[in-house]
Amino acid sequence: MASFRSLFALVFVLGLVAGVGLTALATAQRDVGAATARPVSVRAELTEEERSVTSLFERASPSVVNITSIALRRDFFRMNVMEIPQGAGSGFIWDAEGHVVTNFHVIRDGNRAEVTLADQTSWEAEVIGVAPEKDLAVLRIDAPRASLVPLSIGQSVDLKVGQSVLAIGNPFGFDQTLTTGIISALGREIDSRDGVPIRDVIQTDAAINPGNSGGPLLDSSGRLIGVNTAIVSPSGGYAGLGFAIPVDTVNWVVPQLITHGQIRRPVLGVEMVADHTTRRLGLFGALVGNVVRGSGADEAGLKPTRRGRNGSWVLGDLIVAVDGEPVRSSGELRLALERRSAGETVKVKVKREGDEIDLDVRLSEGQR
């Protein structure tokens, strides 16, 4: 038994010595071949194009904001009212009075909105005006003037396919994100949330993702040329097809929203039949449903849709053009009138019982 114990003790001591030796050897090997940080290469100067883009971002990014739409929801069991983030998007400072421009669909489903500036301060926003038919909205925040950096305004009438553009926004909540691209096409038409076409839309391949909505599209001088509003994508993410509302539209809509809270356009003095009903009848135009008594349309003799003596419907005038501009729906009729003023007279072409008739109609003040 004693000899067995001695043998066991000897084996234990030898194992301990071997372990210590191997550990020391491994440590020595690591010391000999220890990895060190590689030397940093000298960076080449930025190219002229890179300097231009970085300078533009530094100038424009303080004007871009993050917008959170917040909805009120009632707890089913406790009946408590809670605030729940409904969605997020982008926007930009319009002027030194704290007006912020974004898309209407960014704030559409919320009860209130919160604006986060580039300096990460957050401000409760007041909705000043909305234009669903243009997918535009104006908010106002009571932030210090030093924090309000308006964007420079450009124009879209002289844009060229192929010119460089930059988009700044908050895709998927990642704020102050810059993407670049070109104008892929001009004169596109998309439907607004109100069902009215938005014309002369800018198409770009600059990466626009959910969260970019309402953010600015800039030219190479850092001027606003559009408001990013929509993408075409099977997956819901970037697929190379982005659309922006042209700045020429933005620049006449926003002042109206600030002043009136909505777009105020003149009217003919008619109520239109719903477009889907007109389509079912196989007609293309704006079908007059009712004529407001004493309006310009009434004075010009436009005919409304009415019931005949036997109870059947007698169709009214079908408006097919205004001042030579084709009209294929009630939405297009609104577009044909929006740049005109109350008191002006327009030439309205209608189809009546198979004939085309031109009528001079005096426009009156309207709301939307």
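The values are calculated or read from the model by the stated rules, or taken from the named source; none is laboratory data. All values reported here derive from a predicted model rather than from experimental measurement. FYI the Cβ positions are ideal-geometry reconstructions off the backbone, even for glycines, and counts take in every protein chain you see.
Considering only the stretch 304-324, I want to know if a residue exists there that is assigned to a loop (DSSP other than H, G, I, E, B), surrounded by fewer than 11 Cβ atoms within 10 Å (Cβ to Cβ) and among the basic types (Lys, Arg). Step through it out loud before you land on a result.
If we filter the stretch 304-324 for residues that are assigned to a loop (DSSP other than H, G, I, E, B), which is where we start, we get 304-305, 308-312, 315-317, 323-324.
Subset that is surrounded by fewer than 11 Cβ atoms within 10 Å (Cβ to Cβ): 308-312, 324.
Cutting the leftovers down to among the basic types (Lys, Arg) gives us 309.
Yes - at least one qualifying residue is present in the stretch 304-324.
Is one or more of the residues making up the stretch 174-181 free of Cβ contacts under 8 Å to residues at least 60 places away in the same chain, among the aromatic types (Phe, Trp, Tyr), outside the structural domain of PHE92 (by TED's automatic domain parsing) and under 26 Å from LEU335 (Cβ atoms)? No, the stretch 174-181 contains no residue that is free of Cβ contacts under 8 Å to residues at least 60 places away in the same chain, among the aromatic types (Phe, Trp, Tyr), outside the structural domain of PHE92 (by TED's automatic domain parsing) and under 26 Å from LEU335 (Cβ atoms). So which of GLY324, GLY331 ends up being modelled with pLDDT of 90 or more and either outside the structural domain of THR249 (by TED's automatic domain parsing) or closer than 18 Å to LEU281 by Cα (or both)? The match here is GLY324.
Which residue out of LEU287, LEU283, LEU337, LEU302 is outside the structural domain of PRO216 (by TED's automatic domain parsing) and closer than 30 Å to LEU217 by Cα?
Working: LEU287 fails: closer than 30 Å to LEU217 by Cα; LEU283 fails: closer than 30 Å to LEU217 by Cα; LEU302 fails: closer than 30 Å to LEU217 by Cα.
So the residue among LEU287, LEU283, LEU337, LEU302 that is outside the structural domain of PRO216 (by TED's automatic domain parsing) and closer than 30 Å to LEU217 by Cα is LEU337.
Which residue, of ASP135, ASP158, is modelled with pLDDT under 95, touching a strand residue (DSSP E or B) at 6+ places or on another chain (Cβ under 6 Å) and within 30 Å of ARG334 (Cα to Cα)? Talk me through it step by step, then tell me what you get.
Numbers: ASP158 fails: touching a strand residue (DSSP E or B) at 6+ places or on another chain (Cβ under 6 Å).
None of the others qualify; the one that does is ASP135.
Name the residue that is farthest from the chain's Cα centre (by Cα), counting only residues in the stretch 102-115 that are under 24 Å from ILE225 (Cβ atoms) and part of a strand (DSSP E or B). Within the stretch 102-115, the match that is farthest from the chain's Cα centre (by Cα) is VAL115. Take the stretch 355-368 and flag every residue that is farther than 20 Å from GLY289 by Cβ and either of a type in the set (Gly, Ala, Ser) or part of a loop (DSSP other than H, G, I, E, B) (or both). Selection gives GLU365 alone.
If you go through the stretch 238-261 one residue at a time, do you hit one that is of a type in the set (Gly, Ala, Ser) and more than 18 Å from the chain's Cα centre (by Cα)?
Restricting attention to the stretch 238-261, the residues satisfying the condition of being of a type in the set (Gly, Ala, Ser) are 239-240, 242, 244, 261.
Subsequent filtering for residues that are more than 18 Å from the chain's Cα centre (by Cα) retains 261.
There is at least one residue in the stretch 238-261 that is of a type in the set (Gly, Ala, Ser) and more than 18 Å from the chain's Cα centre (by Cα).
No other residue among ARG334, ARG293, ARG265 is surrounded by fewer than 19 Cβ atoms within 10 Å (Cβ to Cβ) and either within 28 Å of the chain's Cα centre (by Cα) or not in a strand (DSSP E or B) (or both) apart from ARG293.
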